[in-house]
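Enquirer: Quick one: this structure, given as structure tokens, is what I'll be asking you about.
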Amino acid sequence: MDNLTKLKTLIGLNGDSEDAVLKLFLEIAGEKILNRLYPYRDDIKSVPEKYKNKQVEIAVYLYNKMGAEGEIAHTENGISRSYASADIPEDLLKGITPYVGVI
């Protein structure tokens, strides 16, 4: 199953109406992973197979925040939301071990 199909399944979408947005979220998630994985390289453009599911997890997070970016606090009908930062939470990036090199 490819990442787009996984993402659509996780967020409960059928059809192709939001594919462009979902592909963009997958691309952003992939860039975040690559920036963490290879902090001093920008020539690597594809996410290693090991982190494909992590890419989907981050894309789901970004999709769920859509429309509420940067929200600091929100309470409605017993549901509370607050975001400490507008970026990806450290919990989602934990487990991505950066590669280092020697100069």
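Enquirer: Please build a GNM for the chain, connecting alpha carbons under 10 Å apart, and tell me which residue among 88, 79, 33 fluctuates the most.
Expert: Most flexible of the set in this elastic network: 79.
Enquirer: For region 16-56, what is the charge dipole size about the Cα centre, in debye to the nearest 20, if Lys and Arg each add +1 at the Cβ and Asp and Glu each add -1 at the Cβ?
Expert: Computed charge dipole of region 16-56: roughly 320 debye.
Enquirer: Work out Dmax and Rg for region 1-41 from the C-alpha atoms and quote the Rg first, both in angstrom.
Expert: 12.3, 39
Enquirer: Okay, moving on. How much length is gained on full extension from residue 52 to residue 10, taking 0.36 nm per residue of separation minus their Cα-Cα distance?
Expert: Working: separation 42, 0.36 × 42 = 15.12 nm, distance 1.43 nm.
Gain in length upon complete extension: 13.7 nm.
Enquirer: Also, quick follow-up: Would you kindly state the longest site-free stretch of the chain, with sites defined as trypsin sites (Lys or Arg not before Pro) in a DSSP loop (not H, G, I, E, B) surrounded by at most 13 other Cβ atoms within 10 Å?
Expert: Working: sites that count: 41, 45, 94.
Between the exposed loop sites, the longest stretch runs 46-93.
Enquirer: Moving on. Helix 52-65 sits at what angle to the longest principal axis of the chain, using alpha carbons and giving 0 to 90 degrees rounded to 10?
Expert: 30
Enquirer: Can you give the angle from 0 to 90° between the axis of helix 19-37 and the longest principal axis of the chain, with both taken from C-alpha atoms, to the nearest 10?
Expert: 40
Enquirer: With a point put 7 Å past each Cα toward its Cβ, work out how far residue 90 is from residue 64 in nm, to one decimal.
Expert: Label at residue 90, label at residue 64, 2.0 nm between them.
Laboratory data are not the source of any read-out in this text; all were calculated from the coordinates shown. Quantities reported herein were computed from a predicted structural model and do not represent experimental measurements. Cβ sites come from the backbone with ideal geometry, for glycine too, and all protein chains shown count toward neighbours.
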